[in-house]
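Worksheet: one structure, shown below.
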Amino acid sequence: MAEVVLEGVGKVYPDGTRAVRDLNLSIADGEFLVLVGPSGCGKTTALRMVAGLEDISEGRVVIGDRVVNRVPARDRDVAMVFQSYALYPHLSVRDNIGFGLSLRKLPKQEIRDKVDHAARILGLTDHLDRKPRNLSGGQRQRVAMGRAIVREPQAFLMDEPLSNLDAKLRVQMRAEIARIQRDLGVTTIYVTHDQTEAMTLGDRVAVMKKGELQQVAPPQELYDRPANLFVAGFIGSPAMNLLQARLEGDGQGGDGELRLEVGGQTLTLPGRVLDERPALRSYLGRDVVVGIRPEDMEDAELAGSGAGEGGGGTLRSTADLVEAMGSDVLVHFSVEAAQVVTEDTKELARDAGTDVLGALEAPRTDLVARFSPRTRVKVGDPVVVHVDTGRLHFFDIDTGAALW
Ligand code: ATP
């Protein structure tokens with residue numbers, strides 16, 4: 001087991017594509033770090049540079065106490081688990097798991113013991129004589145894990161290992177991987193584009209976008225204090241609502257007055273928000289991007305006394321769509337506010353082939369609130385939405401940086 005450190009790591013492919021830029025990450029001994037980001041953001045490239053499957057163009061990678069830039073993959077003492085399990089169809093489960101050890105010419109009895117041990121950890125003991133074709137997808141995934149485990153590597157490197165499994169199995173195996181990693185205490189870097197996987201598995205989660213690290217933090221911190229608009233929009237489902245609003249107030253903090261003008265409506269904020277986020281002071285009288293998590297909004301009728309009185313922390317609208325999810329109800333509505341046009345939204349719109357200006361300069365912004373299932377709101381009803389204004393997020397409109 002070992003610490004893995006990336007120092008200023010960059011990758012430019014021979015065709016000139018820059019896949020990773022100045023990546024700095026330090027993964028502690030025994031830590032589970034998840035690299036997450038949209039397709040093409042460079043996470044696989046980063047992992048492959050650690051594994052030794054891709055040359056490192058810039059910076060250095062340290063595993064344990066060795067700089068491994070020039071160490072070939074087979075000598076890096078890391079075990080890679082891929083999304084395609086790459087099992088040998090003609091070999092039994094036992095021989096598949098022990099394959100790497102046989103290559104290294106370990107004594108037969110030692111291989112037997114190590115395979116038995118891995119099989120016990122993975123619940124494969126009864127399947128050791130089977131061929132891969134006679135296993136379920138989840139069991140095959142376990143065999144691939146078994147191969148990594150018996151090598152007793154300094155680190156596990158996993159690239160979307162669950163993406164070939166159906167949704168239910170994925171959840172099961174996710175829990176398995178978490179347990180196994182905890183039991184073995186092996187430093188792990190895990191690549192996924194799935195934010196739920198990232199949030200549930202990682203001790204820390206590193207969010208990448210276009211080859212660059214955006215933020216690395218424990219899951220809850222990422223959720224509560226996203227560093228910028230990209231992370232705010234990427235982590236959380238449904239995504240954080242983002243709208244433009246003008247921040248007004250007397251700048252007093254504490255018991256002072258602070259409010260947000262959202263189109264024609266006003267949200268009153270606790271004055272302490274200014275004390276908690278001193279950066280906001282210089283934005284008084286200016287437009288900011290406000291982020292509201294869906295769960296920080298509730299049907300005002302259910303939100304407790306005074307909440308439905310109008311003013312205060314409420315937004316009035318009409319329910320455009322009501323989705324009963326069982327445990328909660330997603331209520332879609334819109335408010336009069338300029339849409340937030342970040343580089344990302346422009347890009348999304350371009351990718352989707354929509355008219356960027358036409359689509360984005362609409363004077364209304366769509367929001368989603370997560371109401372309690374006790375709500376009686378139906379499609380087309382007027383709706384008064386209570387906003388927990390102590391839990392709002394704020395971002396600079398130009399840079400997208402979180403304001404603290
Ligand atoms: P995905 O989740 O889709 O696998 P990713 O975040 O893992 O994406 P990478 O596979 O690391 O992203 O790719 C990062 C960028 O590098 C992409 O723009 C990709 O097209 C490019 N890329 C990957 N491999 C090569 C290559 N061999 N030559 C040139 N460009 C490449």
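The values are calculated or read from the model by the stated rules, or taken from the named source; none is laboratory data. Being a predicted model, the structure only gives us computed values, none of them experimental. Don't worry about glycine lacking a Cβ; one is built from the backbone with ideal geometry, like all the others, and counts go over all protein chains shown.
Could you identify the single residue in ALA118, ALA86, ALA167 that is more than 16 Å from the ligand (Cβ to nearest atom), at pLDDT below 95 and on the phi > 0 side of the Ramachandran plot?
Values: ALA118 fails: on the phi > 0 side of the Ramachandran plot; ALA167 fails: on the phi > 0 side of the Ramachandran plot.
Of ALA118, ALA86, ALA167, the one residue that is more than 16 Å from the ligand (Cβ to nearest atom), at pLDDT below 95 and on the phi > 0 side of the Ramachandran plot is ALA86.
Given the criteria closer than 13 Å to LEU35 by Cβ and within 16 Å of the ligand (Cβ to nearest atom), does VAL231 qualify?
On the way: closer than 13 Å to LEU35 by Cβ: no; within 16 Å of the ligand (Cβ to nearest atom): yes.
Spelling it out, it is not the case that VAL231 is closer than 13 Å to LEU35 by Cβ and within 16 Å of the ligand (Cβ to nearest atom).
From the list GLY264, GLY313, which residue is within 19 Å of ASN241 (Cβ to Cβ), modelled with pLDDT under 95 and surrounded by fewer than 14 Cβ atoms within 10 Å (Cβ to Cβ)?
Working: GLY313 fails: surrounded by fewer than 14 Cβ atoms within 10 Å (Cβ to Cβ).
Being within 19 Å of ASN241 (Cβ to Cβ), modelled with pLDDT under 95 and surrounded by fewer than 14 Cβ atoms within 10 Å (Cβ to Cβ) holds for just one of GLY264, GLY313, which is GLY264.
List pairs: first in region 212-225 and farther than 17 Å from LYS43 by Cβ, second modelled with pLDDT under 95 and outside any helix (DSSP H, G or I), Cβ under 7 Å, 6+ apart or cross-chain?
From region 212-225, the pairs are TYR223/ILE235; TYR223/GLY236.
Got at least one residue in region 224-247 being crowded, with 22+ Cβ neighbours inside 10 Å and of a type in the set (S, T, N, Q)?
yes
With the condition being more than 16 Å from the ligand (Cβ to nearest atom) and closer than 15 Å to VAL207 by Cα, I'd like the strands (runs of 3 or more DSSP E) fully within region 1-43 carrying at least 2 qualifying residues. Reasoning before the result, please.
On the way: elements: 4-12, 18-27, 32-36.
In region 1-43, 18-27 are the strands (runs of 3 or more DSSP E) which contain 2 or more residues that are more than 16 Å from the ligand (Cβ to nearest atom) and closer than 15 Å to VAL207 by Cα.
Check every one of the strands (runs of 3 or more DSSP E) wholly within region 193-303 and list those with 2 or more residues that are hydroxyl-bearing (Ser, Thr, Tyr) and in contact with a Phe, Trp or Tyr (Cβ under 8 Å, 6 or more places away or on another chain). Show your work before the answer.
Details: elements: 204-209, 212-217, 241-249, 258-262, 265-269, 287-292, 297-299.
Result: empty, no element qualifies.
Could you list, in sequence order, the residues of region 44-56 that are assigned to a loop (DSSP other than H, G, I, E, B) and within 20 Å of ARG147 (Cα to Cα)?
Residues of region 44-56 assigned to a loop (DSSP other than H, G, I, E, B): 52-56.
Hits for region 44-56 are GLY52, LEU53.
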